[in-house]
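Asker: One structure, pasted below without further comment.
The values are calculated or read from the model by the stated rules, or taken from the named source; none is laboratory data. Predicted, not measured: the structure shown is a model, and the values here were computed from it. Neighbour counts are summed over all protein chains in view; Cβ atoms, including those assigned to glycine, are modelled from backbone coordinates with ideal geometry. In case anyone asks, the SASA skips ligands and DNA or RNA and just uses the protein heavy atoms, side chains included. Shrake-Rupley method; radii C 1.70, N 1.55, O 1.52, S 1.80 Å.
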Amino acid sequence: MSTTAVERAWCVVVPHHATGARVARHRLATELAEVVTPTVLADLVAVLAELVGNAVRHADPLPGGVVRVSWRLRATTEGTQVRLQVTDGGAACGPQIRPADLGAADGRGLHIVSGLANRWGVERDGLGQSVWADFDPVPQRPGLVTAG
């Protein structure tokens, strides 16, 4: 199977609820299973789950009680870059890595994001905030052809 991927993007609107992370993970895995290696896909799914989970736990929803989830593949001269992005209605305090106590039940999400992604960040606009994570370049499935 050979696919040309110069740039492709997906956008999914999920509920601002714990089930939103499950829906987003499933859709990402379905769309990218034939594109990236299983190891990369596992990292992408883990980071997306953390970002959606954080949006549901710590931020307001977008109008309609939803969170917008998107991902983009972009061919570069070094290979294919993947960007994950989760947009919510924002929160009083923006996302930040904090020390996690060994006994704490939570507080490790952005550590996971930081450890798996090459970089991550936050953008704010009039609608809310978007948290993004970049992976570059990612190993692709054999047979995938990219144009740079």
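Asker: Calculated FRET efficiency, T77 and T19, Cβ-Cβ r, R0 35 Å, to nearest 0.05?
Answerer: 0.30
Asker: Once ligands and nucleic acids are excluded and a 1.4 Å probe is used, how much of V66 is accessible, expressed in Å² to the nearest 10?
Answerer: Taking all protein chains as shown, V66 has close to 30 Å².
Asker: Right, next: From the phi angles alone, apply the Karplus equation (6.51, -1.76, 1.60; θ = phi - 60°) to segment 52-61 and give each ³J(HN,Hα) in whole Hz, x where the residue is Gly or Pro.
Answerer: My calculation for segment 52-61 gives 5, x, 5, 4, 5, 6, 10, 10, 6, x Hz in order.
Asker: Using θ = phi - 60° and the Karplus curve 6.51 cos²θ - 1.76 cosθ + 1.60, what whole-Hz ³J(HN,Hα) does each residue of segment 8-19 get, with Gly and Pro shown as x?
Answerer: Values per residue, Gly and Pro as x: 9, 9, 10, 9, 10, 9, 10, x, 7, 7, 3, 5 Hz.
Asker: Testing the spin-label approximation: label points 7 Å from Cα along Cα→Cβ at R27 and V122. State their distance in nm.
Answerer: Inter-label distance under the simple model: 2.4 nm.
Asker: On to the next question. Across segment 29-37, in residue order, what do the Karplus-derived ³J(HN,Hα) couplings come to in whole Hz, using 6.51 cos²θ - 1.76 cosθ + 1.60 with θ = phi - 60° and x for Gly and Pro?
Answerer: 4, 5, 6, 9, 4, 8, 9, 10, 5
Asker: Amide H to amide H, which residues 5 or more places from G90 or on other chains are under 5 Å from it, using H placed in the peptide plane?
Answerer: D60, Q129
Asker: Sticking with this structure for a sec: Tell me the label-point distance for the pair T37, H58, using the 7 Å Cα-to-Cβ offset, in nm and rounded to one decimal.
Answerer: Here the answer is 3.1 nm between the modelled labels.
Asker: Starting from the amide H of V36, placed 1.01 Å from N in the peptide plane, find each other amide H under 5 Å away whose residue is 5 or more places distant or on another chain.
Answerer: Residues meeting the criterion, in which the H sits 1.01 Å from N, are R141.
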